Amino acid sequence: MKRVKKLALLLWVLFVAAGMLAQSSDPSKAGDAKAEESRTSKPADTVQETGASSDYVIGADDILHISVWKEPELSEQLPVRPDGKISMPLLNDIPAAGLTPLALKDSITEKLKKYIADPRVTVVVTAMNSQRIFVTGEVLHSGPITLLPQMTVLQALSQAGFTQFANLKAIYILRTQNGKQQKLPFNYKEVVKGNHPEQNIFLKPGDTVVVP
């Protein structure tokens, strides 16, 4: 009799375990759980940037994409005006120049709390037009160039082009850092061959590329 009871108990345990295993391996239920999580979760409270570092300072002529979660009428692409401000529905003029994207996000979020419960704001720098470098010398297009995210010397020169008199081995970059001017060499012929990749540096605002 005891043996029969033990056998029945063992069968019951195996039946329960099989049911739990089937439930955990059911892809439809797993998919439903993920879908429910996706519907109820909120977006990460972060600042998105396009190549702009976290300490990037917004300037006039920059293009920003401001989006507010679940508020499409408040989400749009905005230029920073020469006076350093942007215009948004409900909020009108908002100072943007001189702020980092994170600081601007916090400013907009605080202002929107008067109209929206728990606003979730995202700031994306889509064009850093306030940041410029300069190319001069034996180039086809000399003058200022908008500094794109992570723009290299080679990329800047591809926009400027060369004249037939350009000395491609003696190009250099003038950079002012801590009040002192640096002269950084750039041998175009070697870099395009894959040599001296360390010369193909990321340009910084205010750099001047000189092609003798």
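The values are calculated or read from the model by the stated rules, or taken from the named source; none is laboratory data. Since this is a predicted model, take the numbers as computed values, not measurements. Methodologically, a virtual Cβ is constructed for each residue, glycine included, from the backbone with ideal geometry; neighbour enumeration extends over all protein chains shown.
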Worksheet item: Just checking, how many residues over the stretch 92-106 are part of a loop (DSSP other than H, G, I, E, B), touching a helix residue (DSSP H, G or I) at 6+ places or on another chain (Cβ under 9 Å) and surrounded by fewer than 16 Cβ atoms within 10 Å (Cβ to Cβ)?
Response: 0
Item to complete: Inspect the stretch 115-133 for any residue being at pLDDT 95 or above and more than 23 Å from the chain's Cα centre (by Cα) and give the result as yes or no.
Response: no
Practice prompt. Go through the stretch 171-212 and give me each residue that's of a type in the set (D, E, K, R) and in contact (Cβ under 8 Å) with a residue 40 or more places away in the chain.
Written response: Lys204, Asp207
Response to the item:
Of the residues in the stretch 125-156 that are outside any strand (DSSP E or B) and polar (S, T, N, Q), the one that is farthest from Ala103 (Cα to Cα) is Ser142
Fill in: Only listed residue being outside any loop (DSSP other than H, G, I, E, B) and surrounded by 16 or more Cβ atoms within 10 Å (Cβ to Cβ), chosen from Ser67, Ser87
Ser67
Item to complete: Please indicate, with yes or no, whether at least one residue in the stretch 157-177 is buried (at least 17 other Cβ atoms within 10 Å of the Cβ), within 19 Å of the chain's Cα centre (by Cα) and either in the same structural domain as Ser75 (by TED's automatic domain parsing) or not in a strand (DSSP E or B) (or both).
Response: no
Worksheet item: Regarding Thr146, is this residue under 26 Å from His65 (Cβ atoms), assigned by TED's automatic domain parsing to the domain that holds Gln77 and among the hydroxyl-bearing types (Ser, Thr, Tyr)?
Response: no
Discussion item. Yes or no: the stretch 87-107 includes at least one residue that is aliphatic (A, V, I, L, M) and at positive phi.
Written reply: yes
